[in-house]
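Following this message is one structure expressed as structure tokens.
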Amino acid sequence: MRILVDRGIVIEDGVRLGLDSPGDYTFISHAHCDHVVGEKVICTPETAELIRERYGKEGRVREEDIPNIKLLDAGHILGSSALFYEGEKTLLYTGDFCDRDRLFMRRFVPRKADILVIESTFGRPDYIFPDPMDVLKEARDWVEDELRKGNNVMLLGYSLGKAQILEYFFERMSYPIYIHGSLLKVNKVYSKFGIELDGFMTYGEARREGFLRPPFILIAPPKNNLKVEAKRAFFSGWAKDISGYDASFPLSDHADFEGLVRTVRKVDPEVVYVTHGFKRELALELRKEGFNAIPL
Ligand SMILES: [Zn+2]
């Protein structure tokens, strides 16, 4: 059993199993990683469906072809999973993950492994996020305040994952809510898997049909072409680095720095490979704790 890292990360053990990378088999951790969809794909049914809906590509579930793997819920977005591989050594590949419960999302629970491959999106000590429920409550106060003043509010978050958390949370408020049309496809898949999000009207439809009732909430991806008079709030782990919005909230679908370090301690690996993000910074911090940490 070898780990190859020349073009993506591949486990070579008889067959080549690509980790969000091409191989004889390709494990796709979640539907943000659509570019590696190939013939023999291993992913959850939710990820397969999201890939099909969003990109029109076929994501096939072939977990049964390789008996010594197990997919664990990574808590990042619907269907996201980590991969646990049992060869002569055990290996855990996290993909993108979040170690905190958020509304309908359950947190990633790691397993002990000899080798760990971990993401490091927020792998720097200055990225520490408050509890997601506290962030959402603070956002709700801001939203209510603006609506009371008669202002429309636009809540901006990534269209797969973040937007659905915002829809689910703000749906309970007694103000009209509209969404950007690009969220419909994703909402359909969430609803199919039990997270009911198919009752929203798009902003475009509401305007065309004369249903717009200001002040309203509009949920949309950060990049959109809507021309709406509204106060804008941005939701992201990068909130502190972003300017130009009326408000920004550190709501992330990833583990923060402390969550990453905590996860490594729980897995307690002989070697940890750090990928995707602040990999050098996180590897350095992990080495201070005595881990054999290598940035990829
Ligand atoms: Zn992701």
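The values are calculated or read from the model by the stated rules, or taken from the named source; none is laboratory data. Computed from a predicted structure; not experimentally measured. Note: ideal-geometry Cβ built from the backbone for every residue, glycine included; neighbour counts use all protein chains shown.
Just to be sure I understand, how many residues within the range 237-289 are small (G, A, S) and within 21 Å of I115 (Cα to Cα)?
Residues flagged as small (G, A, S) and within 21 Å of I115 (Cα to Cα) within the range 237-289 amount to 4.
Please go through the range 156-198 and pick out each residue that is among the basic types (K, R) and either without any contact (Cβ under 8 Å) to a residue 24 or more places away in the chain or at positive phi (or both).
Once the filter is applied, which keeps residues that are among the basic types (K, R) and either without any contact (Cβ under 8 Å) to a residue 24 or more places away in the chain or at positive phi (or both), the range 156-198 yields only R172.
Any idea which residue in the range 247-272 is farthest from the ligand (Cβ to nearest atom), counting only those that are of a type in the set (G, A, S) and buried (at least 20 other Cβ atoms within 10 Å of the Cβ)?
S248
Another question, if that's okay. Could you grab me the full set of residues in the range 89-121 that are more than 19 Å from K70 (Cβ to Cβ) and surrounded by fewer than 21 Cβ atoms within 10 Å (Cβ to Cβ)?
Those that are more than 19 Å from K70 (Cβ to Cβ) and surrounded by fewer than 21 Cβ atoms within 10 Å (Cβ to Cβ): R100, D101, L103, F104.
Could you please tell me which pairs satisfy a Cβ distance under 6 Å, a separation of 6+ or placement on different chains, a first residue in the range 199-215 that is small (G, A, S), and a second residue that is modelled with pLDDT of 95 or more?
G204/G181; A206/Y178
Quick check on my filter: what residues within the range 260-272 are within 13 Å of G123 (Cα to Cα) and touching a strand residue (DSSP E or B) at 6+ places or on another chain (Cβ under 8 Å)?
Keep residues of the range 260-272 that are within 13 Å of G123 (Cα to Cα), which gives 260-264.
Of everything in the range 260-272, those that are within 13 Å of G123 (Cα to Cα) and touching a strand residue (DSSP E or B) at 6+ places or on another chain (Cβ under 8 Å) turn out to be L260, T263, V264.
Quick check on the range 51-61. Is at least one of its residues hydrophobic (A, V, I, L, M, F, W, C), at pLDDT 90 or above and within 16 Å of the ligand (Cβ to nearest atom)?
Checking the range 51-61: not a single residue is hydrophobic (A, V, I, L, M, F, W, C), at pLDDT 90 or above and within 16 Å of the ligand (Cβ to nearest atom).
Now for a different question. Quick check on my filter: what residues within the range 137-166 are within 23 Å of A255 (Cβ to Cβ) and surrounded by fewer than 20 Cβ atoms within 10 Å (Cβ to Cβ)?
Of everything in the range 137-166, those that are within 23 Å of A255 (Cβ to Cβ) and surrounded by fewer than 20 Cβ atoms within 10 Å (Cβ to Cβ) turn out to be K137, E138, Y158.
Given the range 194-292, what helices (runs of 4 or more DSSP H) lie entirely inside it while holding 2 or more residues that are of a type in the set (V, I, T)?
Ranges flagged: 257-267.
Also: In the range 227-246, what residues are closer than 23 Å to D145 by Cα and surrounded by fewer than 15 Cβ atoms within 10 Å (Cβ to Cβ)?
Of everything in the range 227-246, those that are closer than 23 Å to D145 by Cα and surrounded by fewer than 15 Cβ atoms within 10 Å (Cβ to Cβ) turn out to be K227, E229, K240, I242, S243, G244, D246.
Are any of the residues in the range 121-140 acidic (D, E) and in contact with an Asp or Glu (Cβ under 9 Å, 6 or more places away or on another chain)?
No, the range 121-140 contains no residue that is acidic (D, E) and in contact with an Asp or Glu (Cβ under 9 Å, 6 or more places away or on another chain).
Let me ask something else about it. Just give me the residues in the range 247-296 being within 30 Å of K137 (Cβ to Cβ) and without any contact (Cβ under 8 Å) to a residue 60 or more places away in the chain, in sequence order.
Matches in the range 247-296: S248, V261, R265.
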